[in-house]
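The values are calculated or read from the model by the stated rules, or taken from the named source; none is laboratory data. Remember, predicted model here, so these are calculated numbers, not experimental data. Glycine also receives a Cβ, built like all others from the backbone with ideal geometry; neighbour counts cover every protein chain displayed.
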Amino acid sequence: MNRKGNLDIILKNMDATRATKILAKSLYKELIRNGFNNKDVINFSKEMLDHMAQEMRREATQEDAGRKDRLLIG
């Protein structure tokens, strides 16, 4: 079994908090190993948070639109 397959099995069989910590540590090590520095990792983290906030705003807007549609129908 390849390395990715092993990681998938491990992450699926543990609680989310522990899996998140392992994933973060693995991603950090992989980025550093591939030539990124700490500033790059911080910028990556900022971009990830910005993307997540944008997605959450989009989902909230869609939910609000759905509620308004139901009010008009019902």
- Message: Quick check on my filter: what residues within segment 9-31 are in contact with a helix residue (DSSP H, G or I) (Cβ under 6 Å, 6 or more places away or on another chain) and more than 17 Å from Met48 (Cβ to Cβ)?
- Response: Leu11
- Kindly check whether there is at least one residue in segment 45-54 that is touching a Phe, Trp or Tyr at 6+ places or on another chain (Cβ under 9 Å) and at pLDDT 95 or above. no
- Task: For residues that are surrounded by 12 or more Cβ atoms within 10 Å (Cβ to Cβ), modelled with pLDDT under 80 and hydrophobic (A, V, I, L, M, F, W, C), tally how many sit in segment 1-21.
- Result: 4
